[in-house]
Each structure stands twice: as C-alpha cells, then as structure tokens.
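*Asks:* Quick one: structure below, then a few questions.
The values are calculated or read from the model by the stated rules, or taken from the named source; none is laboratory data. All of these numbers come straight from a predicted model, not from anything done at the bench. Because the Cβ atoms are built from the backbone with ideal geometry, glycine has one as well, and the counts that use them run over all protein chains shown. Heavy atoms of the whole protein, side chains included, go into the accessibility calculation; ligands, DNA and RNA do not. Shrake-Rupley method; radii C 1.70, N 1.55, O 1.52, S 1.80 Å.
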Amino acid sequence: SHIMSDYVRMTDTERDQIDQDAQIFMRTCADAIHQLRTEAHKGVQSAQVKEHRTAVLDFIEDYLKRVCKLYSEQRAIRVKRVIDKKRL
C-alpha cells in the first residue's frame, strides 16, 4: 500500500472503460482467429501445410483463452472488492 500511495489511483469509470475495451479486443481477436481458420486451408494442397496452420491457429486460440481466463479472474477480484466495500 505504501508503493500504491505514490501513484494516482484509477477511477471506477476508467476501470470500466478498460474492461469494456478489453472485452471488445478479446472478441475481435477471437473473430480474427475464426476468420483465419476459415481462410487457412483455401487453395492449400499440402497436408503438411494444413496441419501446420491448424497447429498454429490452435496455439493462438489456446493462448487467447488463457488470456481471457486471466482477465476474468482479475475482474472477479475487482467485483469482489467492490461488493466487500459496499458491505462495509
């Protein structure tokens, strides 16, 4: 808390805006991955290239899911803190 006192704290409005922007960004990334998956195999003859592209897209999609999970966990902590403050 000593370190935090040296910095200006974010307002709830700023946090809400960051949450909204993060959700839009994650949705945009998921849509882009879906579109890439659709386009990845068009015109490709080699099974090895198809397999490689599928593996890369699976990796990217898994990474996005882990980021989304982390974001959800952090947001849940924030919501819990807000509820706890209202109780006091």
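*Asks:* Just the residues that are open to solvent by 100 Å² or more (accessible area, probe 1.4 Å), closer than 30 Å to D12 by Cβ and aromatic (F, W, Y), please, taken from the stretch 54-88.
*Replies:* Of everything in the stretch 54-88, just one residue is open to solvent by 100 Å² or more (accessible area, probe 1.4 Å), closer than 30 Å to D12 by Cβ and aromatic (F, W, Y), namely Y63.
*Asks:* Continuing with the same structure: Which of the residues belonging to the stretch 39-58 are acidic (D, E) and more than 16 Å from C29 (Cα to Cα)?
*Replies:* E51, the sole residue that qualifies.
*Asks:* Could you figure out which of (1) in a helix (DSSP H, G or I); (2) among the hydrophobic types (A, V, I, L, M, F, W, C); (3) in contact with a helix residue (DSSP H, G or I) (Cβ under 6 Å, 6 or more places away or on another chain) isn't true of I83?
*Replies:* (3)
*Asks:* Just wondering, is there one or more residues in the stretch 59-67 that are at pLDDT below 95 and assigned to a helix (DSSP H, G or I)?
*Replies:* No: zero hits.
*Asks:* Select from the stretch 6-53 the residues that are polar (S, T, N, Q) and not in a helix (DSSP H, G or I) and write down the one among them that is least open to solvent (accessible area, probe 1.4 Å).
*Replies:* S46
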